[in-house]
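The values are calculated or read from the model by the stated rules, or taken from the named source; none is laboratory data. Keep in mind it's a predicted model, so treat the numbers as computed, not measured. All Cβ positions, even for glycine, are placed from backbone atoms using ideal geometry, and neighbour counts span all protein chains on display.
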Amino acid sequence: MSKNRQVAIVGIGQSKHRGHRPDINQAELVREAVEDALQDSGLSLKDIDCIVHGDMELFEGIHQPDMWHTLGDGGFLKSGFRITTGGTTGATIACASDNLVASGYYDVVMAIGFEKQEEGHTTTGITNMADPLWMREIQTGAITGSTGLEWVNEFGERAEWAAAKLRVMAADNARRNPKAHLRLNLTEQDVMNSRLLAYPLRLLHMCPESNGACAVIFATGEKAKKFPQKPVWVWDHITMHREETFYRGGPRKDPLTQEVAARRLFAKTGIKNPLKEIGVFEMYDPSSWWLLDWLGNFLLLDRKTVLEMVEKNEFAIEGKFPVNPSGGVVSTNPIGATALIRVAEAGLQVRGDAGEHQVPRNIEVAMASGFGGTFWTVLMLLKKSLDGMKPVKVATPAKAAKPKPKAKAKSKKAKVKRGKPKMKVKIKVRKSKPARIKVKKGKAKAGRRK
C-alpha cells in the first residue's frame, strides 16, 4: 500500500471487559477506554483531530450511538465517522484511521470500538439480518459445528482434544490479562464435558457476550516521534470479502478469505515465512474450532502440521509461535471492539507493555485479524521500527504540460505522398427558371416561363 505519510499507533486503551456493567451507561463505558488511551499516550483531547467510532447498533437497539457517546469520547465539534461492518468493525475502524492519517486529512485520529451487549439481544439482531427461508443456515451466527465436523471426520477424537487444548490455552492466557472478561481455570476434560451446542461444538468452545470498549490513537510519523509513547508502526493491512466461500451446506469452497488475505498481504510486504518473520498473532477466534482451522489458513500450513503444533504447545505464550496471549475472542467479545482489541493487544506486544501476558521475547512484527459478516477477513501488520518498510510516496502536484507547437498549415500545392490520390468529383447543378406571375381577374397564380 502506497502512503503519503507513515502512521504509528501512539496510544492504547481498554475498559474493563465484563459480562455485566450495570454501574455505567454506554457513554461512560466509552470514556473508560478513551481516558486509558489518552493516559497511555500522554496526549489530551485537544491533540485529537478526528474520531472514528464503531459498534453494532442493532445489538443494543440504539440509533446513531456515536452522537450520544460524544459525552464520553470528547468528539463534540470534532470531525467524526461511524463505521459498522459486523464482526470486522473494530479492524475496519483501525484501517480507516490509518488511511485518514496516511492520506493527510488528519494528523491524529482516535479509533473507538464499543459494545454493551447486556442492553440488547445479540442473537435476535443476528437472526433478523438474514432471510428466514433462503438464508436460514446462517441464522445461528457463529454457532456452527460444520468446521469441527470436517476435522473430526479427518482426524477423529484427536481433533476434539486439540480444540479443547486450544480453549484451555486461551483460558490460561486470559487469567494473566486483568482486563479479560472470562478468566477461567479450565481443564481439557472440562471443555469436553461442557454442553453440546452443535456437534462437535460445545459451550466452552464459544466466545461470550461481553461489555467493553477499546480506543487506539493513530498519528502521523512526524508527530509520533515527538509524542511521549513509543510508536508502533502500521506496516500494512488488507480487507478481503469473498461471500461465495461462505459455508451454506455441501462442500466448502476453498480458499477461504483468511488464506487469500494472508497470501496477498504477505506478497505485498515480502513475508516469505510467517512462522519465522511474525513474532505474535492476535487472531479473531469466535470459537476454538475456528481457531484450530484458521491457523492453517493464515499461516499457510496444512491441517496435520497445525494439529501437531497444537499438541506440542507451540502456540502458547512461551511457544514457538504465540497466538492470542491476551486470551482471544473466546475470552473477551464486545463485538464492536473485539477486532480493535486484537490490534491493541498486538501493539502492546510490540511495545513490550502487555504486562503478565507479554510474550517473553522481543517482538519486531505482530499480526492482528478481524472476522465477520459472511466470512470477511481483515489483516493488519504492525512493526517496532521502520526498517524494511517501503519508503513513503509523497503526492506532489503534477507539472503543467508544455504547450505543443502548432502544426504548420499545409500548402494547397503540397503533394500527397502516401495513399491514393484524392478523387475530384464535379457536380452539375441545373438552374431552375425564374417564376412568372400571371394576373387574371384579380387573382395571382405562379407559373413558369415557357
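Here is the figure for the stretch 185-208: residues that are closer than 20 Å to residue 17 by Cα and crowded, with 18+ Cβ neighbours inside 10 Å total 5. Within the stretch 41-62, the set of residues being more than 14 Å from residue 114 (Cα to Cα) and either modelled with pLDDT under 95 or surrounded by fewer than 22 Cβ atoms within 10 Å (Cβ to Cβ) (or both) comprises 42, 43, 44, 45, 46, 47, 49, 50. Taking every residue in the stretch 88-99 that is touching a residue at least 12 places away in the same chain (Cβ under 8 Å) and buried (at least 24 other Cβ atoms within 10 Å of the Cβ) and pairing it with any residue that is part of a helix (DSSP H, G or I) and charged (D, E, K, R), at least 6 positions away or on another chain, the pairs with Cβ-Cβ distances below 9 Å are 90/342; 91/342; 94/342. Pairs are defined by a Cβ separation below 8 Å, a sequence spacing of at least 6 or placement on different chains, a first member in the stretch 142-163 that is of a type in the set (Lys, Arg), and a second member that is in a helix (DSSP H, G or I) and surrounded by 19 or more Cβ atoms within 10 Å (Cβ to Cβ); the pairs so defined are 158/307. Kindly evaluate residue 300 against the criterion of being surrounded by fewer than 24 Cβ atoms within 10 Å (Cβ to Cβ) and touching a Lys or Arg at 6+ places or on another chain (Cβ under 9 Å). The answer is yes for residue 300.
Screening the candidates 180, 142, 171, 130 for the property of being assigned to a helix (DSSP H, G or I) and either among the small types (Gly, Ala, Ser) or modelled with pLDDT under 95 (or both) yields one hit, 171. Filtering the stretch 28-58 to residues that are among the acidic types (Asp, Glu), under 23 Å from the mean Cα position of the chain (by Cα) and under 21 Å from residue 100 (Cα atoms) leaves 49, 55. Taking the criterion of being crowded, with 16+ Cβ neighbours inside 10 Å, of a type in the set (S, T, N, Q) and modelled with pLDDT of 85 or more, the only residue of the stretch 102-125 that qualifies is 117.
In the stretch 81-101, of all residues being at pLDDT 95 or above and among the small types (Gly, Ala, Ser), the one that is nearest to residue 377 (Cα to Cα) corresponds to 91. State all residues of the stretch 257-277 that are more than 21 Å from residue 293 (Cα to Cα) and in contact with a helix residue (DSSP H, G or I) (Cβ under 7 Å, 6 or more places away or on another chain); if no residue qualifies, say none. Matches in the stretch 257-277: 271 only. Whenever a residue of the stretch 306-319 is more than 21 Å from residue 155 (Cβ to Cβ) and of a type outside the set (Phe, Trp, Tyr), its partners that are assigned to a loop (DSSP other than H, G, I, E, B) and at pLDDT 95 or above, lying with C-beta atoms within less than 6 angstrom and at least six residues away or across chains, give the pairs 317/325; 317/359.
The set of residues in the stretch 343-375 that are surrounded by fewer than 24 Cβ atoms within 10 Å (Cβ to Cβ), charged (D, E, K, R) and either part of a helix (DSSP H, G or I) or touching a strand residue (DSSP E or B) at 6+ places or on another chain (Cβ under 6 Å) (or both) comprises 351, 356. Residues that are closer than 29 Å to residue 386 by Cα, out of contact with any Ser or Thr (no Cβ under 8 Å at 6 or more places or on another chain) and either modelled with pLDDT of 95 or more or surrounded by 20 or more Cβ atoms within 10 Å (Cβ to Cβ) (or both) do occur in the stretch 20-34, at least one of them. A residue that is of a type in the set (Lys, Arg), buried (at least 16 other Cβ atoms within 10 Å of the Cβ) and at pLDDT 95 or above cannot be found anywhere in the stretch 270-280. Tell me whether the stretch 229-243 contains one or more residues that are surrounded by fewer than 17 Cβ atoms within 10 Å (Cβ to Cβ) and polar (S, T, N, Q). There is no residue in the stretch 229-243 that is surrounded by fewer than 17 Cβ atoms within 10 Å (Cβ to Cβ) and polar (S, T, N, Q). So, in the stretch 33-63, exactly how many residues are in contact with a helix residue (DSSP H, G or I) (Cβ under 7 Å, 6 or more places away or on another chain), among the small types (Gly, Ala, Ser) and closer than 14 Å to residue 11 by Cα? Going through the stretch 33-63 one residue at a time, the tally reaches 1.
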